[in-house]
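**Q** The following block contains the structure, expressed as structure tokens.
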Amino acid sequence: MSTVQISPSILNADLGDLRTTLRQIATADTAHIDVMDNHFVPNLTFGAPVVKFIQQYSPIPLDVHLMIEDPDRWAPAYAELGAAAVTFHLEAATSPLSVARTLRSLGASAGIALKPATPVETVIDLLEYFDRVLVMTVEPGFGGQSYIEAGTTQKLQRLAARAEQQGLHDLVLQVDGGVNAHTAAIAVSAGATSLVAGSSVFSADDAAQAIASLRAVAASAR
């Protein structure tokens, strides 16, 4: 992948005015939508009805991250709503390869996510079955946390090396959590090709400028 994708997480935005939030990030590559069920993670956010609304009004494709139990049952619904990418957690899935096949058959990119403590060995031999791997750089559940560098760099380096070895040049290596100008450079240098940024975008005076700044940092780090 020649350029690094920027995917602002609307979890950190003004959720009372989603249309304005989506317009603010129109220059990004995708809008990152965190779906949480208060079971897999200790927080409750959006469900399919809200994602359907976001899909209707978003000027950019949706990158849906499912932090939920039983993605085998629920993940396909988000692809059916039109999400460009649907990522679910390896730790929650019973048959991850089956879920990936279903998502792809519905026209969505299939992603697999790993919590910080989940070893990269759990997916290193499965990369060909997915379109993206999301390496969590915070404990999933809440925005505004600090980037966990320990272990993350090694995970990204191993994933990037295996993808190169297998000729998986379009595989997206995404990081999510605590992404700012400093940590973005660290992640991209290690192999990340997609950055999920919440607080650093929506706490800025100008979200579009924050997105542009992350793009410049990522380009330099590449």
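**Q** Tell me the Kirkwood hydrodynamic radius of the range 5-221 in angstroms, computed as one over the mean inverse distance between distinct C-alpha pairs.
**A** Averaging 1/r across every pair of different Cα atoms and inverting gives 16.9 Å.
**Q** Further question on the same structure: Using the per-residue mean of other Cβ atoms lying within 10 Å as a proxy for protection, in what order, highest first, do the peptides 180-191, 208-219, 41-52, 21-32 fall? It would help to have the intermediate numbers written out before the result.
**A** Working: 180-191: 19.7, 208-219: 17.9, 41-52: 15.6, 21-32: 21.3.
Order by mean packing, descending: 21-32, 180-191, 208-219, 41-52.
**Q** Taking 0.36 nm per intervening residue step and subtracting the Cα-Cα distance, what contour gain separates T3 from D72 on full extension?
**A** Length difference between fully extended and current span is 21.7 nm.
**Q** Give the residue list of chymotrypsin sites (Phe, Trp or Tyr not before Pro) in the range 71-114 that are DSSP loop and have at most 14 other beta-carbon atoms within 10 angstrom.
**A** Here no chymotrypsin sites (Phe, Trp or Tyr not before Pro) fit, given the DSSP loop and packing criteria.
**Q** Which FRET efficiency, nearest 0.05, do I60 and H182 yield, Cβ-Cβ r, R0 41 Å?
**A** 0.95
**Q** What is the range 109-222's relative contact order, in percent, from Cα pairs under 8 angstrom and six or more apart in sequence?
**A** Taking the mean separation of contacting Cα pairs over the length of the range 109-222, I get 24 percent.
**Q** Which length gain, in nm to one decimal place, applies between R222 and T20 when the Cα-Cα distance is subtracted from 0.36 nm times their residue separation?
**A** Fully extending the segment from R222 to T20 adds 69.5 nm.
**Q** Taking every DSSP beta bridge with both residues inside the range 1-159, roughly what % is antiparallel (nearest 5)?
**A** Beta bridges within the range 1-159, antiparallel portion: roughly 5 percent.
**Q** Can you tell me the dipole magnitude for the range 130-222 around its Cα centre, using point charges on the Cβ only (Lys, Arg +1; Asp, Glu -1), in Debye to the nearest 20? Display every interim value, and only then the final one.
**A** Values: 6 positive and 8 negative charges, 57 e Å.
That gives a dipole near 280 debye.
**Q** Separate question: Arrange the following residues from fewest to most other Cβ atoms within 10 Å of their Cβ: K115, K155.
**A** Fewest-to-most Cβ neighbours within 10 Å comes out as K115, K155.
**Q** What is the distance, in nm, between label points placed 7 Å from the Cα along the Cα-to-Cβ direction at T122 and at L97?
**A** The two pseudo-label positions are separated by 1.7 nm.
**Q** Quick check: net charge around S109, other residues with Cβ under 10 Å of its Cβ, Lys/Arg +1 and Asp/Glu -1?
**A** -1
Every read-out reported here was derived from the displayed coordinates using simple, explicitly stated rules and does not represent laboratory data. Since this is a predicted model, take the numbers as computed values, not measurements. Glycine also receives a Cβ, built like all others from the backbone with ideal geometry; neighbour counts cover every protein chain displayed.
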